[in-house]
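Each remark here refers to the structure printed beneath this line.
The values are calculated or read from the model by the stated rules, or taken from the named source; none is laboratory data. Since this is a predicted model, take the numbers as computed values, not measurements. All Cβ positions, even for glycine, are placed from backbone atoms using ideal geometry, and neighbour counts span all protein chains on display. Only protein heavy atoms, including side chains, enter the accessible area calculation; ligands, DNA and RNA are left aside. Shrake-Rupley method; radii C 1.70, N 1.55, O 1.52, S 1.80 Å.
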Amino acid sequence: MQTGLNALFAAAYLSLVAVGLVLIFGVMGVINFAHGELFMLGAYVVVALYTNLQMPFVLVVAIGLIFVGLVGILMEFTMFHPLRDNPLGGLVASIGFLMVIQASITIGFGVRMEHVPPVTQDVIILSEKVRLPVQRLFVILSAFVCLTALWLFLKKTKFGWALRASAQDPEAAMLQGISTRTVSIIAMFIGAALAGVAGSVTAPVISVSPVIGHSVIVSAFIVIIVGGIGSLEGAVLASVTYAFIHTVITTFIDGVIADIVGLSLMLLVLIIKPTGMFGTQDRV
Amino acid sequence: MLLELKDLIVSYGPVQVLRNISMQVRKAQVVTIIGANGAGKSTTLRSISGLVNLKSGSIHFDGQRINDLPANKIVSMGISHVPEGRRIFPDMTVEENLRTGAFLRKDKTEVEKNLKDIFNQFPILRNRRSKNAKTLSGGEQQMLAIGRALMAKPKMLLMDEPSMGLAPVIVDEIRKIIEQIRENGVTILLVEQNAELALNLANYAYVLENGQIVLEGPAEELHDNEQVKAAYLGI
Ligand SMILES: Nc1ncnc2c1ncn2[C@@H]1O[C@H](COP(=O)(O)OP(=O)(O)OP(=O)(O)O)[C@@H](O)[C@H]1O
Ligand SMILES: [Mg+2]
């Protein structure tokens, strides 16, 4: 039960990262290698504004969301748009960007682990053995709120439909009057902002350092490959489901085993069904 | 003249696929382009929609030059394109597909009315409105693609091989649909390999070979033309 709660917590922020990654990949066809660094940036927004400047935590999380979202738009303008006909080029550029962010953060904050003081020490005692720190509950709730909001956006709003349509058939979407550029910018903002929120809300619970992006990105990659890229909503569901399974294995058995299981699943999926376990359709 | 193409040249890399195409489409007419595989029919439609860039030449719609506008602007001017192979959004529902066609429209109540009209015209789509589009049959998908284009309330419809891969009964239904669209005053530029169907529907026709117009004229005349009979009507 306690481990289940821990798994839920880890799945919460991992799925935020993975869903953002999958959204960007689905709409723009580029793999954003710097996505883990967007998570890291979100955490450093907390270090800078909450730890150092002592601004209210919730406000800082909101700033983390918007700031990292804007970094996403910056990436679209400087890399993914100029390289739009060259997905491999976009990937390589994002690796360069990853290094730039890491270096800048290292220069600004040093390589030391930053300890972010917890916002609250409160613990909800569910039973004698099961305790849920409020700080972790906050991560779970944030993920729930963000993912629900994303779901409603994709299902109920005009621009959500535009994103889904573009992910399924960019050219057919253009023929409906949808601007692929606008859609790309929206996808980059949302995708990056989700990673930023994840980094911000988890910062007080983890040790923040310039390299924390790596640990989440590997899991996130497994999540999206296994989850597949059929439809955006399918990918969102798959990411959340798999993130949960992955963290359950990690917490109940072992992280290495979870990665092995994930990678084997990934291989299996790539061999049997290259569009992903839940994927339904080949990209045109 | 509603649509006017002048001396279009389009190439993919070093290969010229359209060589000096000029065409005119009058308001409220059906004009057809027939031709063999690879003649450049789709490319012609795609250059009108802004999906491919011209090397030279010009396209005017409603008196305005449109060949340097992005695809979404061209849609907003009143040109809708039913692409080759239907290209519906497979993982969106039938209704979502249709509403996506109205993406640029602001007149919400009119959109609702339009949707009703389309459901009346295609009752099958109403029955399947909350099913994913990929579950539809080929003919139903074609109707969905047409309905989606109509949801933009276009002045002009570009249709790329709407009869492709469909059973004769369904082709007949598509024919009726096109007739009805014409009766509603929408101008149509129809690309077809099914020359019989196209020449029966159209007022005027162009024959495309290797990126060039080799023949043009009123559709009945072309229908009786020996050359056309031999090459495209299989008579
Ligand atoms: N994206 C592309 N890149 C390179 N060549 C292309 C591309 N699209 C089409 N072509 C070539 O351009 C020529 C014209 O193609 P187009 O699709 O316009 O023909 P079509 O008349 O529509 O044929 P079909 O009846 O098969 O649909 C063909 O030789 C085709 O191989
Ligand atoms: Mg074609």
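Tabulated values for the structure
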item	result
Förster radius 45 Å - calculated FRET efficiency between B:ASN184 and A:THR148 (Cβ-Cβ, nearest 0.05)	0.60
Accessible area of chain B divided out per residue, in Å², using a probe of 1.4 angstrom	43 Å²
Contact order relative to length of chain B, as percent, for alpha carbon pairs under 8 angstrom and 6 or more apart	28 percent
Average projection area in nm² (convex hull over Cα atoms of region A:169-252, one quarter of hull surface)	6.9 nm²
Helical segments meeting 20 Å axial Cα length and Kyte-Doolittle 0.5 threshold in chain A (DSSP H)	A:2-28, A:57-75, A:87-109, A:134-156, A:180-202, A:212-227, A:232-252, A:255-272
Highest to lowest packing among B:11-21, B:197-207, scored as the average C-beta count within 10 Å	B:197-207, B:11-21
Convex hull of Cα atoms in region A:34-135, direction-averaged projection (nm²)	8.6 nm²
Alpha-carbon centroids, region A:32-83 and region B:148-200: separation in whole Å	50 Å
FRET efficiency estimate (nearest 0.05) - Cβ-Cβ, B:LYS134 to A:LEU141, R0 30 angstrom	0.25
q = 0.08, 0.13, 0.15 Å⁻¹: log10 I(q)/I(0) that the Debye formula gives for region A:2-210, counting C-alpha atoms only	-0.29, -0.73, -0.93
Percent carbon-and-sulfur accessible area, chain A, ignoring ligands, DNA and RNA, probe 1.4 Å	73 percent
Average beta carbon contacts from partner chains per residue of A:154-164, 10 Å cutoff	2
Largest-first ellipsoid semi-axes for the protein assembly as shown, taking √(5λ) over the Cα gyration tensor eigenvalues, angstrom	52, 23, 20
For chain A, calculated [θ]222 nm from helices alone, where every DSSP H run of n ≥ 4 adds -39500 (n - 2.57)	-23500 deg cm²/dmol
For region A:22-136, accessible area per residue (1.4 Å probe, heavy atoms of protein chains only), Å²	50 Å²
Per-pair calculated FRET efficiency, R0 = 45 Å: A:ILE253 and B:ALA36 via Cβ, rounded to 0.05	0.10
Rel. contact order, % - alpha carbon contacts under 8 angstrom, at least six apart, region A:2-210	44 percent
Protein accessible surface hidden between A and B, which excludes ligands and nucleic acids, total in Å², probe 1.4 Å	2100 Å²
